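The values are calculated or read from the model by the stated rules, or taken from the named source; none is laboratory data. Fair warning: this is a prediction, and the values are worked out from it, not measured in the lab. Ideal geometry is used to build each Cβ from the backbone, glycine not excepted, and the neighbour counts take in all protein chains shown.
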């Protein structure tokens, strides 16, 4: 995997793709930064949507409290409205949770040796595909992926993006994950 491929122009992607093909190197291009930006944007959208929903609910509750209650409906009606509102709020939150797609478009083929920068979903799909192609002698065997590169080239960022959460610390100072 070649990380930071978003820095390459389309012409350079084609050039590097051809270079690796000529040397028999299976490869994919990826951008951990671009995918992390997408994950962050999805989370920000959910937080913004939830806070807007909470403000609207608060406004509705204060309107309900300011309206005169009908006789015999005060306690039951208020409880029912609050309960119904809580259910709707939970359903809305569940619906708006960020869904970090494990694949972009299932109909798009995902292959090695293509001059395109893969998304997180497509890279995960390619890894799953590779896992299914490998024959293991023991059911406990698993596909192991190593990362190699100079300090501060994004190895930890790739891991964090693939897991969609911060599992490995990152820092601008080289050596942060030296003893991970």
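Go over the candidates 102, 108 one by one and state the one that is modelled with pLDDT under 65 and part of a loop (DSSP other than H, G, I, E, B).
On the way: 108 fails: modelled with pLDDT under 65.
After ruling out the rest, the residue left standing is 102.
Whether any residue in segment 115-134 is part of a loop (DSSP other than H, G, I, E, B), at pLDDT 85 or above and farther than 12 Å from residue 30 by Cβ is what I want to check. Can you show your working first?
Step one: of segment 115-134, the residues part of a loop (DSSP other than H, G, I, E, B) are 115-116, 119, 134.
Subsequent filtering for residues that are at pLDDT 85 or above retains 115-116, 119.
Then keep just the ones that are farther than 12 Å from residue 30 by Cβ; that gives 115.
Among the residues of segment 115-134, at least one is part of a loop (DSSP other than H, G, I, E, B), at pLDDT 85 or above and farther than 12 Å from residue 30 by Cβ, which makes the answer yes.
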query: For segment 53-72, does any single residue satisfy the condition of being loosely packed, with under 13 Cβ neighbours inside 10 Å, in contact with a helix residue (DSSP H, G or I) (Cβ under 8 Å, 6 or more places away or on another chain), in a helix (DSSP H, G or I) and at pLDDT below 60?
result: yes
- request: Check whether at least one residue in segment 19-31 is surrounded by 12 or more Cβ atoms within 10 Å (Cβ to Cβ), touching a strand residue (DSSP E or B) at 6+ places or on another chain (Cβ under 6 Å), modelled with pLDDT of 90 or more and not in a loop (DSSP other than H, G, I, E, B), and report yes or no.
  value: yes
task: Kindly list, by first and then second residue, each pair from a residue in segment 21-41 that is without any contact (Cβ under 8 Å) to a residue 40 or more places away in the chain to a residue that is part of a helix (DSSP H, G or I), limited to pairs with Cβ atoms under 9 Å and residues at least 6 apart or on different chains.
output: 25/19
